[in-house]
1. Which one is nearest to ligand 1 (Cβ to nearest atom) among residues in region 198-210 that are charged (D, E, K, R) and under 28 Å from the mean Cα position of the chain (by Cα)?
2. Going by the conditions given, is E233 within 16 Å of ligand 1 (Cβ to nearest atom) and either under 15 Å from G58 (Cβ atoms) or over 21 Å from the mean Cα position of the chain (by Cα) (or both)?
3. Identify, please: which residue in region 61-77 is surrounded by fewer than 21 Cβ atoms within 10 Å (Cβ to Cβ) and acidic (D, E) and is, among those, farthest from ligand 1 (Cβ to nearest atom)?
4. Can you name the condition, by its number, that L82 falls short on among (1) more than 11 Å from ligand 2 (Cβ to nearest atom); (2) modelled with pLDDT under 65?
5. Starting from region 62-86, take each residue that is over 24 Å from Q153 (Cα atoms) and part of a loop (DSSP other than H, G, I, E, B) and list its partners that are hydrophobic (A, V, I, L, M, F, W, C) and more than 15 Å from ligand 1 (Cβ to nearest atom), counting only C-beta distances under 9 angstrom and pairs at least six apart or across chains.
6. Are any residues in region 48-59 away from ligand 2 (no atom under 16 Å from the Cβ) and part of a loop (DSSP other than H, G, I, E, B), and if so, which ones?
7. Of all residues in region 264-296, which are polar (S, T, N, Q) and loosely packed, with under 12 Cβ neighbours inside 10 Å?
8. Could you list, in sequence order, the residues of region 1-24 that are modelled with pLDDT of 90 or more and either of a type in the set (V, I, T) or in contact with an Asp or Glu (Cβ under 7 Å, 6 or more places away or on another chain) (or both)?
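The values are calculated or read from the model by the stated rules, or taken from the named source; none is laboratory data. Treat the numbers as computed from the prediction; the structure is a model and nothing was measured. With ideal geometry, Cβ positions are generated from the backbone for all residues, glycine too; neighbour counts draw on all protein chains shown.
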Amino acid sequence: MARDIPSLVARAVEGDRASIAKLITAVEAGGEDAAAAEAAIYPHTGHAYTVGLTGAPGAGKSSLTDALVRRIRADDLEVGVLAIDPTSPYSGGAILGDRVRMQDHATDPGVYIRSMATRGHLGGLALATPRAARVLDAARKPWIIVETVGVGQVEVEIAGAADTTVVVVNPGWGDGVQANKAGLMEIADLFVVNKADREGTAETVRDLEMMLDLSGHPEWRPRIVETVATRNEGIDELWDAIREHREFQEAEGRLVQRREARLRDELQAILVAQLRARALAACSGPEFEDLVHQVEARAIDPHAAVERLLGA
Ligand SMILES: Nc1nc2c(ncn2[C@@H]2O[C@H](COP(=O)(O)OP(=O)(O)OP(=O)(O)O)[C@@H](O)[C@H]2O)c(=O)[nH]1
Ligand SMILES: [Mg+2]
């Protein structure tokens, strides 16, 4: 693979779907190909704007993504989508459902949709997602949507690591409260109350407003948009709100700051993953076994044993 990478990148930059797919597979898998792909891709990145979309299972994230993609295409802009599914690999029901819905876009060369699942490699999805997003960035997709289920720390983290983070809730008692518990309040730049065709929409909006009053957002108060994704209602408003948030951030250099903070986090995460891998590698083999026996025999204490490993 490694020797194909320059030509793959050259074709991906021109929007070639097969090359984009191969490069994402490479960065997803990790290892040497991933490093080579990343190195070749990186100079082409830095142009895309990413939107994280998260919320409870079944909140309507995929339906919203689908509607948003259509809206973005109506402005003649290209868009890439990463649907992150930590639990089910490619055969999973949710992903299959997504695929069916997204089929409308399958023949549109201006749209690239990809599902991603953990491959069990180092750092998993948290490290693979920004890399995959950079492939789409290099492939000149000016807008990238990253959809994650808002349960679990990693998924919330991934959704929060976007330029604009959209949190989707549904009408019903306590859904806003649930969002609060999952840590979604803090990462939301925008709230969507989807399934606004159902009862309790006004109450949910009120709940969210109340929570926003309490949490205090001195600079940017997250907008709350009501949508019925399946009927394409409220999608213009959502798109406007996303662009409004973008403009707000761009106006005073906040986007640069946000991206810099994200870069710090990413570098730290890569470093931690690398050190962890090395540490685990050091915990096997004859030298390690010998140390275990020395500790067992009380010839050396556990901390001193680790110091020796670190020295080696
Ligand atoms: N009534 C109503 N149903 C909706 C709306 N939006 C989505 N749905 C339905 O809700 C269900 C879940 O929608 P999805 O878009 O798959 O939700 P999701 O958040 O992507 O789900 P997961 O990826 O499985 O977590 C589907 O049956 C949709 O048709 C809406 O605005 N109103
Ligand atoms: Mg979905």
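1. Out of the qualifying residues, it is D207.
2. Values: within 16 Å of ligand 1 (Cβ to nearest atom): yes; either under 15 Å from G58 (Cβ atoms) or over 21 Å from the mean Cα position of the chain (by Cα) (or both): yes.
Yes; evaluated as a whole, the condition is true for this residue.
3. Step by step, filter region 61-77, then rank; the result is D76.
4. Against the list (1) more than 11 Å from ligand 2 (Cβ to nearest atom); (2) modelled with pLDDT under 65, L82 comes up short only on (2).
5. Note: pairs meeting the criteria are D75/W239; L77/W143; E78/I72; E78/V111; E78/A139; E78/W143.
6. Restricting attention to region 48-59, the residues satisfying the condition of being away from ligand 2 (no atom under 16 Å from the Cβ) are 48-50.
Within region 48-59, just A48 meets the criteria.
7. First, pick out the residues of region 264-296 that are polar (S, T, N, Q): 268, 274, 284, 294.
Answer for region 264-296, where residues must be polar (S, T, N, Q) and loosely packed, with under 12 Cβ neighbours inside 10 Å: Q268, S284.
8. I5, V9, V13, I20, I24
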